[in-house]
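Visitor: Before I ask anything, let me first share the structure, which is written out below as structure tokens.
The values are calculated or read from the model by the stated rules, or taken from the named source; none is laboratory data. These numbers were taken from a predicted model, which means no experiment stands behind them. No Cβ is skipped: glycine too gets one built from the backbone with ideal geometry, and neighbour counts run over all protein chains shown.
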Amino acid sequence: MKGKIGWLILFAVWIAAGPAWAQQRENLVQFSGMVLDGSEEELFPVPYTNILVKGKGRGTYSDLRGFFSIVVEKGDTVIFSAIGYKTVEYVIPSDLQENRYSLVQLMTRDAVNLPETVVFPWPSRDHFRLEFLAMDVTPELQSNAARNLADAPMARLQQQLPRDGVENSMYYLRQQARDYYHIGQLPPMNIFNPVAWKQFFDSWKNGDFKKKDK
């Protein structure tokens, strides 16, 4: 008897939840489109734009071509954000009749890169030319310049100095492109790489693998 009552309760809950689930399913929308830079006359995609559903903690990002696709609900607020662009919010219409909705979102640049400024200790280039030609280059100055521009100090400075923003971004993009190149499959092994074999034979001929006396 208790078992039958339990099954009846579950059946009643399922019947009551059916309309709510159907209504929620009808409220879902496949939201897709392109994210483009609208700051200039020629439009071009904005890759890796963060696309977040406001207040729901889920989202996606655009690919290299600026394309994105995500499931949202009618009336949701979608936030588009990217480095160097102003954040944009878009509200999905609540009166949609279909379960698909497309959008071309234009982004406006936020950061302004100022032209490079070079500060000279002379008022003009003519003053600099006169001072440069009149400079007395002593042997001590020549030796200091040669010592500072030697290969060993330059290599040491190159290793010690941190990367700037451009170098860090290029390194990150190259690493990300290398990971995406082999996505969904195993990366190739160097045993089949002819360049790696050539490097191995060159090192072998040069004696790099010989034991060195301590």
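Visitor: Pairs needed: first member in the stretch 37-48, at positive phi; second member anywhere, part of a strand (DSSP E or B); C-beta distance under 7 Å; at least 6 residues apart or different chains.
Guide: Tyr48/Tyr61
Visitor: Of these, Ile70, Ile83, which one is at pLDDT 90 or above and out of contact with any His (no Cβ under 7 Å at 6 or more places or on another chain)?
Guide: Answer to the selection: Ile70.
Visitor: Of the residues Ser102, Ser143, only one is touching a residue at least 12 places away in the same chain (Cβ under 8 Å), surrounded by 10 or more Cβ atoms within 10 Å (Cβ to Cβ) and of a type in the set (Ser, Thr, Tyr); which?
Guide: Sole residue among the options that is touching a residue at least 12 places away in the same chain (Cβ under 8 Å), surrounded by 10 or more Cβ atoms within 10 Å (Cβ to Cβ) and of a type in the set (Ser, Thr, Tyr): Ser102.
Visitor: Could I ask something else about it? Since Tyr171 meets every condition but one in (1) part of a loop (DSSP other than H, G, I, E, B); (2) under 30 Å from Asp63 (Cα atoms); (3) within 33 Å of the chain's Cα centre (by Cα), which condition does it not meet?
Guide: All conditions are met except number (1).
Visitor: Of the numbered conditions (1) at pLDDT 90 or above; (2) within 26 Å of Glu42 (Cα to Cα), Ser169 fails exactly one; give the number of that condition.
Guide: (1)
Visitor: Being closer than 24 Å to Val166 by Cα and surrounded by 11 or more Cβ atoms within 10 Å (Cβ to Cβ) narrows it down to one residue among Gly66, Gly75, Gly59; which is it?
Guide: The unique qualifying residue is Gly66.
Visitor: Now, a different point. Yes or no: the stretch 113-126 includes at least one residue that is under 30 Å from Val29 (Cα atoms), β-branched (Val, Ile, Thr) and surrounded by fewer than 10 Cβ atoms within 10 Å (Cβ to Cβ).
Guide: No, the stretch 113-126 contains no residue that is under 30 Å from Val29 (Cα atoms), β-branched (Val, Ile, Thr) and surrounded by fewer than 10 Cβ atoms within 10 Å (Cβ to Cβ).
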